[in-house]
Amino acid sequence: MEPVTKVAVRVSFLRLDHGPATPAPPFPENGQVVTLKTPSVTYYRFLYDTVGADYLWWLRRVTPDDELAQYLQTPGISVHVLYVGGEPAGFYELDARPWPVVNLSYFGLMPHFIGRGFGGPFLRNAIDLVWRHQPRTMTLNTCTADHPRALPGYLAAGFSTYREIDEIWDVPRRLGMTIPARLR
């Protein structure tokens with residue numbers, strides 16, 4: 001059996017049942033969002049690993065390359081990258097396969113872009129993109145392993161919590177991930 005570190009987290013499930021009623025905030029200067037047609041596994045892993053390193057994002061790290069490549073080419077899955085001055089600053093991933101529900105599977109910024117005013121407008125970009133297609137609802141989940149401002153940010157954007165559960169994650173030690181102090 002593979003050695004693991006057990007980590008207790010509280011997972012919050014959220015939903016947004018209507019599009020925004022207010023105009024989008026201005027996007028910070030030099031920022032643009034690009035939809036990747038078919039991201040390579042290497043580039044996706046760079047985004048996922050860098051954005052999620054401090055928040056114990058580990059599930060995709062154990063997904064074999066061939067499975068991840070197939071997933072990234074699946075209709076209904078899309079990856080959107082925030083670039084600032086030509087540099088990747090964050091990404092989000094949407095899963096529209098359970099249409100008319102669209103799930104915000106992953107959302108986050110590169111560490112050096114946190115706290116610089118990009119998070120809210122970038123989240124709004126994801127919300128606006130989803131609602132242009134008129135889904136029934138948009139969902140996401142976050143947990144106590146994520147950035148402490150994640151849940152408040154989602155609630156401020158209009159999402160509401162509809163369920164919370166406690167989970168124990170078996171994080172493989174071979175990944176060499178640091179368990180955040182707030183989860184020890």
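At a glance:
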| item | result |
| --- | --- |
| For Leu155: the one exception among (1) out of contact with any Leu (no Cβ under 9 Å at 6 or more places or on another chain); (2) surrounded by fewer than 15 Cβ atoms within 10 Å (Cβ to Cβ) | (1) |
| Given (1) more than 20 Å from Ala150 (Cα to Cα); (2) under 15 Å from the mean Cα position of the chain (by Cα), number of the condition Ala53 does not satisfy | (1) |
| Residue that is surrounded by 16 or more Cβ atoms within 10 Å (Cβ to Cβ) and at positive phi, where the choices are Leu56, Leu104 | Leu56 |
| Filter pass, Gly31 being small (Gly, Ala, Ser) and exposed (fewer than 12 other Cβ atoms within 10 Å of the Cβ) | no |
| Ala181, sole failed condition from (1) farther than 25 Å from Tyr44 by Cβ; (2) in contact (Cβ under 8 Å) with a residue 12 or more places away in the chain | (2) |
| Asp170, sole failed condition from (1) exposed (fewer than 11 other Cβ atoms within 10 Å of the Cβ); (2) closer than 30 Å to Met1 by Cβ; (3) in contact (Cβ under 8 Å) with a residue 40 or more places away in the chain | (1) |
| Residue count, the stretch 130-184 (criterion: part of a helix (DSSP H, G or I), over 13 Å from the mean Cα position of the chain (by Cα) and aromatic (Phe, Trp, Tyr)) | 1 |
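Bear in mind these aren't lab numbers, they're just calculated from the coordinates by the rules spelled out. These numbers come from a predicted model, not from an experiment. Cβ: placed from backbone, ideal geometry, glycine included. Neighbour counts: every protein chain shown.
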